Amino acid sequence: MSADAVETYLAGLDEPQRSTLTAVADRIRELVPQAEPVIAYGVPAFRVGKTNIAGLAAYAHHLSYLPHSGSVLASLADELDGYQWSKGALKFAVDEPLSRELIATLIDARLSELGLSRGDVGAVG
């Protein structure tokens, strides 16, 4: 799967899900430009090497950020106040993208689990 598949997924969404998830995907691309966009488990994801570091999914009444880790969200519980989350998904509103700062925190936590930083993968601050 490729960036085209991710764009096809996003294009197939209704508004406001499409523009909200596109904004989140753009922020991920900005923060980790070397991450490869792929489809994983049927939804858009971003991969560094052979490991997914972030994913997105659209549902009728919410959107989800998927860290592709069972421990990232629990480790950031204090920073996720106001959001519903489980072990593997952070739910957010269909019309309000996650902030760049929160996405950076989520990505940094996932990369840290892998022994990496955004600097290691050619990311921007």
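I need a count of the residues in the stretch 104-114 that are touching a residue at least 40 places away in the same chain (Cβ under 8 Å) and open to solvent by 60 Å² or more (accessible area, probe 1.4 Å). Give the derivation first.
Taking the stretch 104-114 as the starting set, the residues that turn out to be touching a residue at least 40 places away in the same chain (Cβ under 8 Å) are 104, 106-107, 109-111, 113-114.
Remaining after also requiring open to solvent by 60 Å² or more (accessible area, probe 1.4 Å): 113-114.
Looking only at that region, the number is 2.
For the stretch 68-103, give me the residue count where each residue is part of a strand (DSSP E or B) and either open to solvent by less than 40 Å² (accessible area, probe 1.4 Å) or within 17 Å of Pro37 (Cα to Cα) (or both).
Taking the stretch 68-103 and keeping what is part of a strand (DSSP E or B), we get 85, 90-92.
Still in the list and also either open to solvent by less than 40 Å² (accessible area, probe 1.4 Å) or within 17 Å of Pro37 (Cα to Cα) (or both): 90, 92.
Going through the stretch 68-103 one residue at a time, the tally reaches 2.
Hey, among the residues in the stretch 1-36 that are open to solvent by 50 Å² or more (accessible area, probe 1.4 Å) and among the hydrophobic types (A, V, I, L, M, F, W, C), which one's farthest from Phe92 (Cα to Cα)?
Ranking the candidates gives Met1 first.
Just checking, does the stretch 48-67 include any residue being closer than 24 Å to Ser86 by Cα, in a loop (DSSP other than H, G, I, E, B) and under 12 Å from the mean Cα position of the chain (by Cα)?
Scanning the stretch 48-67 turns up at least one residue that is closer than 24 Å to Ser86 by Cα, in a loop (DSSP other than H, G, I, E, B) and under 12 Å from the mean Cα position of the chain (by Cα).
The values are calculated or read from the model by the stated rules, or taken from the named source; none is laboratory data. None of the values given here were measured: they were computed from a predicted structure. Here the Cβ is made from the backbone with ideal geometry for all residues, glycine too, and neighbour counts use every protein chain on show. Side chains are part of the model used for accessible areas, which takes the heavy atoms of the whole protein and leaves out ligands, DNA and RNA. Shrake-Rupley method; radii C 1.70, N 1.55, O 1.52, S 1.80 Å.
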